[in-house]
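Worksheet for the structure shown next.
The values are calculated or read from the model by the stated rules, or taken from the named source; none is laboratory data. All values reported here derive from a predicted model rather than from experimental measurement. Methodologically, a virtual Cβ is constructed for each residue, glycine included, from the backbone with ideal geometry; neighbour enumeration extends over all protein chains shown.
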Amino acid sequence: MLDYVTDKVQDESRQGEAFLPFTGDHNNYKKRFYIESYGCQMNFADSEIVASILNKEGFGATRNVENADLIFINTCSIREKAEQTVRKRLTEFKKLKDQNRGMLIGVLGCMAERLKSKFLEEEKLVDIVVGPDAYRSLPGLVEEAEGGQKAVNVLLSRDETYADISPVRLNSNGVSAFVSIMRGCNNMCSFCVVPFTRGRERSRDADSIIKECSELFENGFREVTLLGQNVDSYYWQPPLTPPLGENNPQPLLDENISNNGNTLKIEVSVMVASPFGGGREEAITFAKLLEKVALISPLLRVRFSTSHPKDITDDVLHTMAKSKNICSYIHLPVQSGSTRILQLMNRTYTREWYMGKIDRIREIIPDCGISSDIIAGFCTETEEDHRDTLNIMEYGKYDMSYMFFYSERPGTLAQRRYKDDIPVATKKRRLQEIVDVQSKLSFESNKKDIGKVFEVLIEGDSKRSDKDWMGRTSQNKVIVFPKENNELKKGEYVMVKVNDCTQATLLGTIIN
Ligand code: SAM
Ligand code: SF4
């Protein structure tokens, strides 16, 4: 059995990643901070926001934890294993702190709310605890902690989107960047802790997203991935704008309403499009946002993640189909192939409905790459339910999947309602079977690409040799090909013919 089938199978290369120092980083910062990040892409994007907030206050980044005055760990609560990893790191940092007077340790992100009193008071592991909506208060909290107080802010917000903060791209390849378009989640998948740790869903101001993506493009980036827990429910209503020459909208309606004998005077301002220029712009849906970002330049690739199957619309699919630079790739987590389990998971779709969505994607975008998230061994899962999962994977012909075994999380609906009754050995065996099916599907999908020609965005040298480039196809497949003395640079597009493949990588040659 593979070693990694202990909790999850996903790209681990970024887990525990620490920031590189800023470019042009001279020793003129008042303090040095070190951030280590765990979990999903949203967490890595959040660390870039934190770095930006700290940098504005005169703090510089370091990759050497021993040189740091402030150590932050951006945490993930999604599975128990992630929490254990963070706890282990905190204990190591605590030892370092005991040898370095004045060093402060802070916990950021999803574990903050749930474990604040444990970390601060019981175990005395940390000095600062900051939840995902409270990063603006971080410089103030650092000051408080320096004064010897325990500094905590874990308040969740209904409107914080950090729209105005330009993230510092510290570990970027200079070609692709993540852009958060929304925060939180209003779905209540019964297994998931995210709605509790990251709060209510809110969409970020569309203008600030376009501005951030345009700046990235001007700075040489050629690919943006729009991030949210459920991007298809993105919805942003631009604010009212006053008519020309006026500061405030005039009440258009003036009503007297009687309420239990008391007369209330209600003034209702209704701004409608006026010939003088005032009014409300049309609301921006995810399809419109995608279109707007794609219009920045045909040379800017646009990706997004994650799509909840219940929310992805034909509108989004048609927008993808007509815009060449919106990548033909959808991450469409199924979680389980059994309608009964999907119901217990509160996913709000059935097996058949999900299969219909796959059909619709293939109909509108025939060359679309599709990937998934799958959970093995959810409460009450039978062998038949598990076979339904293996079988829906074959139907979806996923190019790739993130695969996990179920980990009960405190406070979730599943923890309150159902018994975590599948033995760990069964969970692991089922996960291994899921991994085996996915390996076969990935290999089959790659083999089908042999002989085809793809437009590839070059991301940099291949991991194995600086004589080869590594890039991605629109379908998000990694492709490696010899540089062949061409005057190409990373961030450029090139046509590559696939000659061979492994299960994880396409191998090709440049064609003119
Ligand atoms: N919002 C995304 C969605 O709905 O697909 C995914 C969010 S979550 C950060 C990423 C994945 O972690 C989920 O799709 C799910 O497969 C997995 N996951 C979440 N909670 C889990 C749990 N308690 N045990 C195992 N896997 C879990
Ligand atoms: Fe969790 Fe479901 Fe929200 Fe995804 S959609 S973050 S799985 S609650």
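Kindly indicate whether any position in the stretch 204-217 is surrounded by 12 or more Cβ atoms within 10 Å (Cβ to Cβ), at pLDDT below 95 and away from ligand 1 (no atom under 16 Å from the Cβ).
No, there is no match, as no residue in the stretch 204-217 is surrounded by 12 or more Cβ atoms within 10 Å (Cβ to Cβ), at pLDDT below 95 and away from ligand 1 (no atom under 16 Å from the Cβ).
In the stretch 415-429, what count of residues is obtained for those that are crowded, with 19+ Cβ neighbours inside 10 Å and either of a type in the set (A, V, I, L, M) or under 25 Å from G369 (Cβ atoms) (or both)?
Residues flagged as crowded, with 19+ Cβ neighbours inside 10 Å and either of a type in the set (A, V, I, L, M) or under 25 Å from G369 (Cβ atoms) (or both) within the stretch 415-429 amount to 1.
Only one of (1) in contact with an Asp or Glu (Cβ under 6 Å, 6 or more places away or on another chain); (2) assigned to a helix (DSSP H, G or I) is not met by R362, so which one is it?
Condition (1) is where R362 drops out.
Across the stretch 170-192, which residue is farthest from R63 (Cα to Cα) among those that are part of a loop (DSSP other than H, G, I, E, B) and either without any contact (Cβ under 8 Å) to a residue 12 or more places away in the chain or away from ligand 1 (no atom under 16 Å from the Cβ) (or both)?
Across the stretch 170-192, the extreme among qualifying residues is V175.
Residues L96, L54, L115, L90: which one is in a helix (DSSP H, G or I) and surrounded by fewer than 19 Cβ atoms within 10 Å (Cβ to Cβ)?
L96
Does L226 qualify as being part of a strand (DSSP E or B) and either of a type in the set (S, T, Y) or within 16 Å of ligand 2 (Cβ to nearest atom) (or both)?
Working: part of a strand (DSSP E or B): yes; either of a type in the set (S, T, Y) or within 16 Å of ligand 2 (Cβ to nearest atom) (or both): yes.
Yes; evaluated as a whole, the condition is true for this residue.
Could you check how many residues of the stretch 435-460 are in a strand (DSSP E or B) and touching an Asp or Glu at 6+ places or on another chain (Cβ under 7 Å)?
2
With respect to Q432, is the statement that it is assigned to a helix (DSSP H, G or I), over 23 Å from S307 (Cα atoms) and free of Cβ contacts under 8 Å to residues at least 24 places away in the same chain true?
Values: assigned to a helix (DSSP H, G or I): yes; over 23 Å from S307 (Cα atoms): yes; free of Cβ contacts under 8 Å to residues at least 24 places away in the same chain: no.
In short, no.
Residue by residue, here is whether (1) among the charged types (D, E, K, R); (2) within 17 Å of Q41 (Cα to Cα) holds:
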position	(1), (2)
V194	no, yes
T197	no, yes
R202	yes, no
N219	no, no
V224	no, yes
G228	no, yes
V231	no, yes
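Residue under question is R340, and the condition is that it be surrounded by 19 or more Cβ atoms within 10 Å (Cβ to Cβ), within 30 Å of V193 (Cα to Cα) and either touching a residue at least 24 places away in the same chain (Cβ under 8 Å) or touching a Ser or Thr at 6+ places or on another chain (Cβ under 8 Å) (or both); does it hold? Full working, then the answer.
On the way: surrounded by 19 or more Cβ atoms within 10 Å (Cβ to Cβ): no; within 30 Å of V193 (Cα to Cα): yes; either touching a residue at least 24 places away in the same chain (Cβ under 8 Å) or touching a Ser or Thr at 6+ places or on another chain (Cβ under 8 Å) (or both): yes.
In short, no.
Residues of the stretch 172-203 being modelled with pLDDT under 95, hydroxyl-bearing (S, T, Y) and surrounded by 22 or more Cβ atoms within 10 Å (Cβ to Cβ), which ones?
T197
Looking at I450, I458, I434, which one is modelled with pLDDT of 95 or more and surrounded by fewer than 20 Cβ atoms within 10 Å (Cβ to Cβ)?
Answer to the check: I450.
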